[in-house]
Amino acid sequence: MQEYISMRIAVPPTWEQVFSHFYYAANLSRVPVEKHLLPAFQSIMVFNFGPPVPLKYGNEQFQAIEKTLVLGPVKLSMKYTMPAGSKILVANFKDDAFYRFFGKPLQHYLTDPDKLIQTHCFADLWQELNVIEDPALQVEKLLDFSGLYLCERDPAAANIIENGFNDNPKQIAVKTAQSERTIQLNYKKYLGFSSKEVNRYQRFQKAIGMLVPGKTPDWFEVIEECGYYDQSHLIKDFTHYVGISPQVYWQLQDVMCRAGS
């Protein structure tokens with residue numbers, strides 16, 4: 001029997017604007033398993049169906065995940081420990097989906113979702129999901145629940161998302177006849193980060209994409225291709241996002257996982 005199970009569950013086409021994917025993991029062994037999750041600049045909702053799951057975000061140790069937790073946007077690496085017998089289901093929100101779901105500006109949340117909307121509906125949902133063994137059926141139940149609360153995308157959010165985050169606020173402002181300040185505020189409100197933050201993150205993503213396990217990196221090529229000023233600039237980004245140097249990351253990347261992997 002496989003002792004640790006993890007799988008990525010695809011999103012139905014009708015939900016592709018809301019969730020990027022779902023992730024399920026179960027530790028069937030007798031020992032805890034530690035996981036390292038790279039930042040994804042997405043917000044997530046976690047359902048825990050076993051013992052409390054200890055969580056460390058960046059350099060901060062947080063209270064363990066008991067049953068249900070919303071966290072995001074995930075801008076730094078996250079470490080969590082799956083105790084023996086633990087099972088989790090993670091919904092990964094896409095773009096402005098958190099705002100469409102909860103109706104609140106996206107900040108750095110780490111809380112029980114019921115506390116955000118002052119209800120017990122997520123506690124009730126957890127009870128329903130807890131008695132379902134098949135992760136795919138759990139996702140179906142979660143989507144049915146989501147359909148009751150999801151709002152239409154705000155046109156202000158669409159102005160940013162439909163440009164693919166590639167235009168800077170000034171360019172979007174010109175296209176949409178709005179002020180640059182308004183666009184910057186909308187980035188924070190609907191997405192939870194600034195255009196400057198997402199550009200830095202995309203540069204970091206490109207850098208880690210160039211690191212191939214078992215192949216010694218050409219660091220000067222990485223610096224040039226990804227738009228870093230020099231080696232210290234590259235090191236600064238890796239230290240910020242994952243807390244280790246690029247060299248150490250390359251050596252340990254087999255134990256680092258991206259969202260859903």
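The values are calculated or read from the model by the stated rules, or taken from the named source; none is laboratory data. Just so you know, these numbers come straight off a predicted model, no measurement behind them. Don't worry about glycine lacking a Cβ; one is built from the backbone with ideal geometry, like all the others, and counts go over all protein chains shown. These accessible areas exclude ligands, DNA and RNA; they are computed on the full protein's heavy atoms, side chains included. Shrake-Rupley method; radii C 1.70, N 1.55, O 1.52, S 1.80 Å.
What residue, among those in segment 51-78 that are of a type in the set (D, E, K, R) and out of contact with any helix residue (DSSP H, G or I) (no Cβ under 6 Å at 6 or more places or on another chain), is least open to solvent (accessible area, probe 1.4 Å)? First the steps, then the outcome.
Step one: of segment 51-78, the residues of a type in the set (D, E, K, R) are 56, 60, 66-67, 75.
Now restrict to residues that are out of contact with any helix residue (DSSP H, G or I) (no Cβ under 6 Å at 6 or more places or on another chain): 56, 60, 66, 75.
Details: LYS56: 68, GLU60: 107, GLU66: 99, LYS75: 45 Å².
Result: LYS75.
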Per-region count, segment 87-99, residues at pLDDT below 95 and either part of a loop (DSSP other than H, G, I, E, B) or open to solvent by 20 Å² or more (accessible area, probe 1.4 Å) (or both) | 4
Might you check whether a residue that is open to solvent by less than 40 Å² (accessible area, probe 1.4 Å) and closer than 30 Å to LEU28 by Cα occurs anywhere in segment 146-162?
-> yes
Scan segment 220-243 residue by residue and report those that are over 26 Å from LYS79 (Cβ atoms) and assigned to a helix (DSSP H, G or I).
-> PHE220, GLU221, ILE223, GLU224, GLU225, GLN231
Checking PRO217 against (1) open to solvent by 40 Å² or more (accessible area, probe 1.4 Å); (2) outside any helix (DSSP H, G or I), the condition it does not meet = (1)
Checking MET82 against (1) in contact with a helix residue (DSSP H, G or I) (Cβ under 9 Å, 6 or more places away or on another chain); (2) farther than 27 Å from ASN186 by Cα, which test does it fail?
-> (1)
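Among the residues of segment 111-137, how many are outside any helix (DSSP H, G or I), open to solvent by 50 Å² or more (accessible area, probe 1.4 Å) and aliphatic (A, V, I, L, M)? Spell out the reasoning first.
If we filter segment 111-137 for residues that are outside any helix (DSSP H, G or I), which is where we start, we get 111-112, 118-120, 131-134.
Imposing the further condition that a residue be open to solvent by 50 Å² or more (accessible area, probe 1.4 Å) reduces the set to 112, 118-120, 131, 133-134.
After this cut, where a residue has to be aliphatic (A, V, I, L, M) as well, the list is 131.
Residues that pass the stated criteria total 1.
Yes or no, residue by residue, for (1) among the acidic types (Asp, Glu); (2) at pLDDT 95 or above; (3) buried (at least 21 other Cβ atoms within 10 Å of the Cβ):
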position: GLU3; (1), (2), (3): yes, no, no
position: SER6; (1), (2), (3): no, no, no
position: TRP15; (1), (2), (3): no, yes, no
position: LEU37; (1), (2), (3): no, no, yes
position: PHE41; (1), (2), (3): no, no, no
position: ILE44; (1), (2), (3): no, no, yes
position: PHE49; (1), (2), (3): no, yes, no
Test ALA64 against the stated conditions and say whether it is modelled with pLDDT under 90, more than 21 Å from GLU140 (Cβ to Cβ) and of a type in the set (A, V, I, L, M).
-> yes
Residues of segment 173-198 that turn out to be closer than 14 Å to ILE161 by Cα and touching a residue at least 12 places away in the same chain (Cβ under 8 Å), as a count | 14
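Which of the residues spanning segment 189-213 are over 30 Å from LYS104 (Cβ atoms) and either open to solvent by less than 80 Å² (accessible area, probe 1.4 Å) or in contact with a Ser or Thr (Cβ under 9 Å, 6 or more places away or on another chain) (or both)? Even if it seems obvious, please write down each step before you answer.
Keep residues of segment 189-213 that are over 30 Å from LYS104 (Cβ atoms), which gives 206-213.
Across segment 189-213, the qualifying residues are ALA207, ILE208, GLY209, MET210, LEU211, VAL212.
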